[in-house]
Structure formats: C-alpha cells, structure tokens
Amino acid sequence: MWIRAIARPLALVAASLGLLFAACPASAQDQDPAIATIDSLDKALLDTMKAAQDLGVKGRYDKLKPVVQRSFNLPVMTRFAVGAKWKDFSDADHDTLADAFTRLTVANYAHNFSGYGGEHFEINPNVQTRGLDKIVQTKLIRPNDTPVALNYRMRQDGGVWKVIDVYYGNISQLSIRRADLTAAAMTGGAKALAKNMNGQADKLLR
C-alpha cells in the first residue's frame, strides 16, 4: 500500500502537542499565511497521487520536486540533519549536501505517495505559534481507514512561510534523518554523506 513507508520518513507530534483538528477551513481573509504553503503542497500531492500509475516513480519525482523546493526550507533542514559536522564542511560541500538532501526528500514523497483511493487532506485553520515558528496541522483522510496526521513546523524565509520539519507519530522527520546520517557524517565526511543520501534516493526511485 502506498502509505506503508510514510511512518519512518515523516514524523508527527500531534499527541505531544495536544492539538485538536477542525473540519472546516477558515475564510481566505482570516486564514493564517502559513496555511497557503501547506494547501499548495497538499493539492500537488493529491494531483500526483491521482496520476501516480501513469507518472511512475520518476514522473512523480519530477512533478513534486518544484513543489517541495518551494514549500520546504531545504538548506535549513539539511544543516540540521547533518548536525555538528556541518561547520567543518566547505561552501561547496554545503551545496552538494543540500542537493543530495533535496533529492532524498523528494524521492521519499515520490515513493510513498504512489496511488489514489479517494483520499483528501484537511487543514486545521487554528495554526499554533511556537516562538518564531508556526505549527500547521493536517490530516490525510482515507476512506475506510484511519486518518493520517501530518503536522508541519514552519518558519519565515524571505517573507514566505516554509516547512522546516514534518511530524508523524511522536518523532520529527529531521530527528530521524539526523540519527541516520550522523555516523556517515562523522566517519566519511561530506562526500560520504552525500553518497549515502543519494544512495537512499536511488533505492526509493527504482
């Protein structure tokens, strides 16, 4: 089933935050600006799911890449995922790692959102503020199955609200990713780390 692998790459803190979901969207006038980013992402995911079989995994990747790049602050996410070794790498290394992290992130979406069975997204209009960040809460409603909650931590970048973490269950995506990448960063440097991420992406895109 297409949703089978989403629990690992996407983590969510709804239970720990104690947040409740609302079924009705806010009016455009009252809508928090952070919602617009997630609404655009959700629509792209649904469109991709509906055309999943015709597109194939590589077609889904190509369709989702610009949306993910627009919706996520991938350089910030890369820096956090790499961890303490980031400061030891050159600017060229940073660019290489950001490219690899972007590829892996998009590949995860292309791999996991691989079919459509009448699903739709609901966005809670009550956006939560956490310091400089906002938490936008969503649910993927699945007919005859348990809804999947996907929460997004967002921060402004150039006046636009962008995702800096995704939550599923009780663990953040970036915490999982950082744990996966720490050993490669410590032992092999930037080249090994980029190779690790690109290798994971290759497997997802087969």
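The values are calculated or read from the model by the stated rules, or taken from the named source; none is laboratory data. This one's a predicted model, so the numbers in the text were calculated from it and none came from an experiment. Glycine gets a Cβ as well: all are built from the backbone with ideal geometry, and neighbour counts include every protein chain shown. Just the protein is used for accessible areas: all its heavy atoms, side chains included, with ligands, DNA and RNA removed. Shrake-Rupley method; radii C 1.70, N 1.55, O 1.52, S 1.80 Å.
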**OP:** Answer yes or no as to whether Tyr168 is surrounded by 18 or more Cβ atoms within 10 Å (Cβ to Cβ), under 30 Å from Lys85 (Cβ atoms) and either modelled with pLDDT of 95 or more or in contact with a helix residue (DSSP H, G or I) (Cβ under 8 Å, 6 or more places away or on another chain) (or both).
**Re:** no
Subject >> Tally, over region 62-97, of residues that are open to solvent by 20 Å² or more (accessible area, probe 1.4 Å) and either closer than 19 Å to Leu204 by Cα or among the small types (Gly, Ala, Ser) (or both) >> reply: 8
Subject >> Hits in region 174-204 - residues which are over 19 Å from Ala92 (Cβ atoms), at pLDDT 95 or above and either out of contact with any helix residue (DSSP H, G or I) (no Cβ under 8 Å at 6 or more places or on another chain) or open to solvent by 20 Å² or more (accessible area, probe 1.4 Å) (or both) >> reply: Gly199, Gln200, Asp202, Lys203, Leu204
Original post:
Which numbered condition trips up Asp145, out of (1) closer than 23 Å to Ala98 by Cα; (2) acidic (Asp, Glu); (3) surrounded by fewer than 20 Cβ atoms within 10 Å (Cβ to Cβ)?
Top reply: (1)
Subject >> Any chance Pro125 is at pLDDT 95 or above, open to solvent by 20 Å² or more (accessible area, probe 1.4 Å), of a type outside the set (D, E, K, R) and within 25 Å of Asp30 (Cβ to Cβ) >> reply: yes
